[in-house]
Amino acid sequence: MPTALTIAGSDSGGGAGIQADLKTFHARGVHGLSVIAAITSQNTREVTAVHPVPLTHIRSQLAAVFDDFPVAAVKTGMLGSAAITHLVAREMRTRKPAWLVVDPVMIATSGGRLLAADAVDAMVHELMPLADIITPNVPEAEALLGEPIRNAKDFDRAGAALLELGCRAVLLKGGHAEGRVVVDRFYDERGMLELRHPRLKLEGHGTGCTLAAAITAELAKGQAPRTAVRRAVAYVHRALVRSYRPGSGSVHVLRH
Ligand code: PLP
């Protein structure tokens, strides 16, 4: 079985983060490894606390998994702090996984901050240049570039600007934009690929984590990036159609 690794945060509510990634890896037929970078105290209503894992223990988790498993693809999610982002970038530079997907997780839909403000610089200048695919949503891309994204032209400009950061491809997700159809746009050296799906009238939790994990799983199985992204977008849509409300909050969690 191909093996994929997630380096991300734990969601005690089981809907996002490491928990979503491992469910996705399992559902997509890859063996899932996890390096926990931060621990959130979280439910379907709010994030009440964030505890960054000590750097020595992130390093030892990485050493443990890379010493043993043939890691085919890696994704990063919530990293929390600048120091953790530096460390993960340094480790990825030396360990050189065949595929690296970077989900620049910054703020939870419920409003909790998941990346320190002073970590954005390390994300942009250290981690993103190593990435095969980055998967920002619109608010994240706006925060990374410092420019608003309102229409198709802005999307294309942002896609080009994000590629300039040195990553090989950008999946700019349209879920936070308006309209009855969600349009995600994938930018690489071949140009732009549009992925469209109907907007569902519900608030999903963990959709971004699941999408990046599904892309990573497809890459681990040997799919090319464009195919991996197409399959992953379709997978998240299917899982969202079948989603359910596990807690008292309004958010829906994906059914894998
Ligand atoms: N908690 C953790 C640990 C995450 O990694 C993420 C997203 O990436 C979230 C919460 C936020 O999930 P959402 O914005 O889908 O609610």
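Out of 55, 33, 79, 5, one residue alone is touching a helix residue (DSSP H, G or I) at 6+ places or on another chain (Cβ under 8 Å), within 21 Å of residue 101 (Cβ to Cβ), hydrophobic (A, V, I, L, M, F, W, C) and more than 16 Å from the ligand (Cβ to nearest atom). It is 33. When residue 31 is tested against (1) within 28 Å of residue 172 (Cβ to Cβ); (2) in contact with a Pro (Cβ under 8 Å, 6 or more places away or on another chain), only condition (1) is not met. Being aliphatic (A, V, I, L, M) and under 18 Å from residue 116 (Cβ atoms) is a property that holds for residue 55. Within segment 124-149, the set of residues being small (Gly, Ala, Ser) and part of a loop (DSSP other than H, G, I, E, B) comprises 131, 146. Does residue 121 satisfy being assigned to a helix (DSSP H, G or I), more than 14 Å from the ligand (Cβ to nearest atom), exposed (fewer than 14 other Cβ atoms within 10 Å of the Cβ) and not hydrophobic (A, V, I, L, M, F, W, C)? Considered against the rule, which asks whether it is assigned to a helix (DSSP H, G or I), more than 14 Å from the ligand (Cβ to nearest atom), exposed (fewer than 14 other Cβ atoms within 10 Å of the Cβ) and not hydrophobic (A, V, I, L, M, F, W, C), residue 121 comes out as yes. Within segment 169-211, the set of residues being surrounded by fewer than 19 Cβ atoms within 10 Å (Cβ to Cβ), within 18 Å of the chain's Cα centre (by Cα) and in contact (Cβ under 8 Å) with a residue 40 or more places away in the chain comprises 203 only. Evaluating residue 228 against the criteria (1) within 16 Å of the ligand (Cβ to nearest atom); (2) of a type outside the set (Lys, Arg); (3) closer than 15 Å to residue 134 by Cα leaves one unmet condition, (1).
Taking segment 4-32 as the range and being hydroxyl-bearing (Ser, Thr, Tyr) and either under 18 Å from residue 69 (Cβ atoms) or in contact with a His (Cβ under 8 Å, 6 or more places away or on another chain) (or both) as the test, the residues that pass are 6, 24. Residue count for segment 59-74 satisfying the condition of being among the aliphatic types (A, V, I, L, M) and farther than 16 Å from residue 100 by Cβ: 2. Residues that are surrounded by 24 or more Cβ atoms within 10 Å (Cβ to Cβ) and either in contact (Cβ under 8 Å) with a residue 24 or more places away in the chain or out of contact with any Asp or Glu (no Cβ under 7 Å at 6 or more places or on another chain) (or both) number at least 1 in the following helices (runs of 4 or more DSSP H) confined to segment 1-102: 17-27, 82-95.
Only one of 133, 107 is at negative phi, surrounded by 23 or more Cβ atoms within 10 Å (Cβ to Cβ) and touching a residue at least 12 places away in the same chain (Cβ under 8 Å); which? After applying the criteria, what remains is 133.
Values quoted throughout were computed directly from the atomic coordinates according to the rules given, and no laboratory measurement underlies them. All figures in this text were calculated on a predicted structure; none of them were measured in a lab. Cβ: placed from backbone, ideal geometry, glycine included. Neighbour counts: every protein chain shown.
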